[in-house]
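Shown next, in C-alpha cells, is the structure this report addresses.
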Amino acid sequence: MTRDELQKNIVSILVDEFEFENPGLTDNLRDDHGFDSIDAIELLAKIEEMLGYQISRKEKEQAMSIRTINDILNYIETIQAAHQSQ
Amino acid sequence: MFTIVKRKIMQRRVVITACSAITPIGYGKTDIVESLRQGKSGVKPLRDDGLLTERIHSKVFGTVDYPIDYGFARKDTKTMGPVAYYACKVAGDVLAESGLDPEFIRSGRLGVSFSSTHGSPTIQRNIYKTFFSEDKSKFSSIGAVDYLKSMVHTTAVNITRMFGITGRVVASSTACTTSSQSIGFAYEMVKFGMQDAMIAGGADEYDTTTVAVFDNLLACSVDYNDTPECTPRPFDVNRDGLVVGEGGAAVLLEEYEHARARGATILAEVVGFACNNNGGDLILPNLDGITATLRLALADAELQPADVDFISAHATATKMGDVIESQAIAEVYGNKPWVAGLKSYMGHTMGTCGAIELILSLYMMEQGFLAPTLNLENIDERCAMLRHVREITETKIKTTAIQNFAFGGVNTCLLVTDGRE
C-alpha cells in the first residue's frame, strides 16, 4: 500500500468512524479532535483489519506515542516494513 | 422478626425535583398519562432474534417500539450499549428539567445511583459469538470498549461521563429491585448528608435471554401469545405469568433546602425506604420478608398504615407472587389503600420497574387520578381482600408506596408524598 493509499484509507476511517471534521495531517489528535485512549485502541483494531494481520503487543505499545495523522501513517509503514521483512 | 434501630445522625428531607421515563407505553409525561388514561398496553409480539426466540414459549414482550431522538455525539456513544442509551437519555432529561447549575453538576455534591440487570446483553451476546466462533481471527473483533458497554455499572458511568458528574457512583444490580434500590440508596445518600443530590434510576434493554430464563422457570406468560395486550394480568384469576419488558427511568433526588433555595419545582418527597432479604430461598416470594419490608418502610417514614393512600404493587402476575404480596398488603394495611399493578400496562421492565412505577405514580398523584390494573377482569379470590383500582379513579393521593421484590430474596418499599406546595 502506497503512502497516498494509506493516507486516503486512514483519513476515511477517521472521518467515517471517529467523526473527525476536516482532519489535517499535523493536527493534534487529542487536542483538535478529542481522540482518547479508547479511540486509540479502537483505531489499532481498524488498522489490523485493514492490514489483514494481527499487530504484535510490542508494536501496539509503540503506538502510544502517536500524536498526529502523520504519526499514524509512519507507524503503519514501520509495521508493514517489519512484516514484509519476516 | 425485625428490629428498628434509631441512630442519632444527620437526617435531611429528600425531594424529587425532576423525572423522566422511556417505557413501552410512551416516553415522557404526556404520552404515558394518555396511555394510562386510555388503558393502552405496551406489550407486543416477541421479535425474532435469530437465536432464542424460536425456542421460547412466551411470545410477548413489553416493547419500546417508537423512535427516540437521542442526539448523542460519538465521543459519548463509543462506550454505550443500548441500555446506556436509555440511561443517558433519561438522565439528561432530568438534568435539563431540574435546571441545576452546571457548576453544581461537576462539584462532587451530585452523585449517580443507577444500574441495570445485566449491563448490556446485546454486547455480551456479540462477545460470546466471538468466543464460540471457530474462526480464530475473530478474536480481535472483541472491541476494546465492549467491557465498558456491557459491564453492570455501564449505565451509571456513562451518565457520569456524558454530564461530567464527579460525585459518588452507586450501581446496585439486584434484578427486579435494581432501580428501587438505586432510588432508596440515593435517598439515604442525600438524607444522611453524603451528597446533596443524586440522579437515580435504572434501565434495561430488549433482551430475549431474560425471557428465556423466566420461560424455563415456567414464570412467563404463554397463553396470550396471539393477544399480547391481554397479558400480564396481575391479580386476575386467569393470569399465567410475567411479561418481560424494556425501558429506562430516572429521578433527581435533592436535599429539600437545596431545592427550595434555588426555587426548584418539588414533585414529591421521599419519606421512607426499606430494603431487606428473605434470608433463604432465592426465588420463591416470602410473606414474612415482604411484610417486614412494608413495615420497615412505614417505620422509616414515621407513618401509620392508614396514612398510605395508594400502593403500586410489584404484581408481576405470577401465580404465587401476587397472592403472597396481597397477603402482605392485607396484613400491614388492611383494605384501606388503593392497590394497582402497573406492570399490567407494559410488562416487567426488570431493573427499571421500580423507577418507572414511581414515576407513573408521581404523574397520577400530580393529576389526581389512579389508573386501574389492566386486564383485571376476574379477581383471584386469594387477592380479593384488597381495594383494587378497577377503573380510572379521580382521587387525590397524598402518600404512595412503591413495592418491588427480586430474585435473590431482595425486597424494597419506597414511600413518597405529594410534594407540591
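Restricted to region B:139-152, and to residues that are more than 22 Å from the chain's Cα centre (by Cα) and part of a loop (DSSP other than H, G, I, E, B), which residue is modelled with the highest pLDDT?
We begin by selecting, within region B:139-152, every residue more than 22 Å from the chain's Cα centre (by Cα); these are B:139-148.
Okay, now just the ones that are also part of a loop (DSSP other than H, G, I, E, B), so B:142-145.
Numbers: B:I142: 71, B:G143: 73, B:A144: 73, B:V145: 86.
The extreme case among them is B:V145.
Among the residues of region B:279-288, write down those that are under 20 Å from the mean Cα position of the chain (by Cα) and closer than 15 Å to B:Q403 by Cα.
B:P285, the sole residue that qualifies.
Here is a yes/no grid of residues against (1) away from chain A (no Cβ under 14 Å); (2) in contact (Cβ under 8 Å) with a residue 24 or more places away in the chain; (3) surrounded by 16 or more Cβ atoms within 10 Å (Cβ to Cβ):
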| site | (1), (2), (3) |
| --- | --- |
| B:Y128 | yes, no, no |
| B:S150 | yes, yes, yes |
| B:M162 | no, yes, yes |
| B:T174 | yes, yes, yes |
| B:S180 | yes, yes, yes |
| B:I183 | yes, yes, yes |
| B:G193 | yes, yes, no |
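Hey, can you tell me all the residues within region B:176-212 that are under 17 Å from B:A301 (Cβ atoms) and not in a helix (DSSP H, G or I)?
Matches in region B:176-212: B:F192 only.
So for region B:17-29 (the condition being crowded, with 16+ Cβ neighbours inside 10 Å, in contact with a helix residue (DSSP H, G or I) (Cβ under 9 Å, 6 or more places away or on another chain), over 29 Å from B:M365 (Cβ atoms) and not charged (D, E, K, R)), does at least one residue qualify?
No: zero hits.
Determine, yes or no, whether B:S180 is hydroxyl-bearing (S, T, Y), touching a helix residue (DSSP H, G or I) at 6+ places or on another chain (Cβ under 6 Å) and over 20 Å from B:A18 (Cβ atoms). Give the derivation first.
On the way: hydroxyl-bearing (S, T, Y): yes; touching a helix residue (DSSP H, G or I) at 6+ places or on another chain (Cβ under 6 Å): yes; over 20 Å from B:A18 (Cβ atoms): no.
No, not satisfied.
Let's see how each residue does on (1) surrounded by 14 or more Cβ atoms within 10 Å (Cβ to Cβ); (2) touching a strand residue (DSSP E or B) at 6+ places or on another chain (Cβ under 6 Å); (3) at pLDDT 95 or above; (4) within 12 Å of chain B (Cβ to nearest Cβ):
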| position | (1), (2), (3), (4) |
| --- | --- |
| A:V11 | yes, no, yes, no |
| A:I47 | yes, no, no, yes |
| A:G52 | no, no, no, yes |
| A:I69 | yes, no, yes, no |
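Here is a yes/no grid of residues against (1) in contact with a helix residue (DSSP H, G or I) (Cβ under 6 Å, 6 or more places away or on another chain); (2) buried (at least 17 other Cβ atoms within 10 Å of the Cβ); (3) more than 14 Å from every other protein chain (Cβ to nearest Cβ):
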{"residue": "B:S41", "(1), (2), (3)": "yes, yes, yes"}
{"residue": "B:K44", "(1), (2), (3)": "yes, yes, yes"}
{"residue": "B:G50", "(1), (2), (3)": "no, no, yes"}
{"residue": "B:H57", "(1), (2), (3)": "yes, no, yes"}
{"residue": "B:T63", "(1), (2), (3)": "no, yes, yes"}
{"residue": "B:K75", "(1), (2), (3)": "no, yes, no"}
{"residue": "B:C88", "(1), (2), (3)": "yes, yes, yes"}
{"residue": "B:D93", "(1), (2), (3)": "no, yes, yes"}
{"residue": "B:A96", "(1), (2), (3)": "no, no, yes"}
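Could you list, in sequence order, the residues of region A:54-67 that are in contact (Cβ under 8 Å) with a residue 24 or more places away in the chain and within 11 Å of chain B (Cβ to nearest Cβ)? Let's see the steps before the verdict.
Here is the first cut: in region A:54-67, the residues in contact (Cβ under 8 Å) with a residue 24 or more places away in the chain are A:55, A:64, A:66-67.
Passing the criteria: only A:I55.
Test of understanding: among B:T210, B:T177, B:T160, B:T155, which residue is touching a strand residue (DSSP E or B) at 6+ places or on another chain (Cβ under 8 Å) and at pLDDT below 95? Lay out the reasoning, then the answer.
Values: B:T177 fails: at pLDDT below 95; B:T160 fails: at pLDDT below 95; B:T155 fails: at pLDDT below 95.
That would be B:T210, the only listed residue that is touching a strand residue (DSSP E or B) at 6+ places or on another chain (Cβ under 8 Å) and at pLDDT below 95.
Could you check region A:19-38 and list, in sequence order, the residues that are within 13 Å of chain B (Cβ to nearest Cβ) and either in contact with a helix residue (DSSP H, G or I) (Cβ under 6 Å, 6 or more places away or on another chain) or assigned to a loop (DSSP other than H, G, I, E, B) (or both)?
Result: A:E19, A:F20, A:E21, A:G34, A:F35, A:D36.
Before we move on, is A:A81 more than 27 Å from B:F72 (Cβ to Cβ), of a type outside the set (V, I, T), surrounded by 14 or more Cβ atoms within 10 Å (Cβ to Cβ) and more than 11 Å from chain B (Cβ to nearest Cβ)?
Values: more than 27 Å from B:F72 (Cβ to Cβ): yes; of a type outside the set (V, I, T): yes; surrounded by 14 or more Cβ atoms within 10 Å (Cβ to Cβ): no; more than 11 Å from chain B (Cβ to nearest Cβ): yes.
When the stated conditions are applied, A:A81 does not pass them.
The values are calculated or read from the model by the stated rules, or taken from the named source; none is laboratory data. Source: prediction; values computed, not measured. FYI the Cβ positions are ideal-geometry reconstructions off the backbone, even for glycines, and counts take in every protein chain you see.
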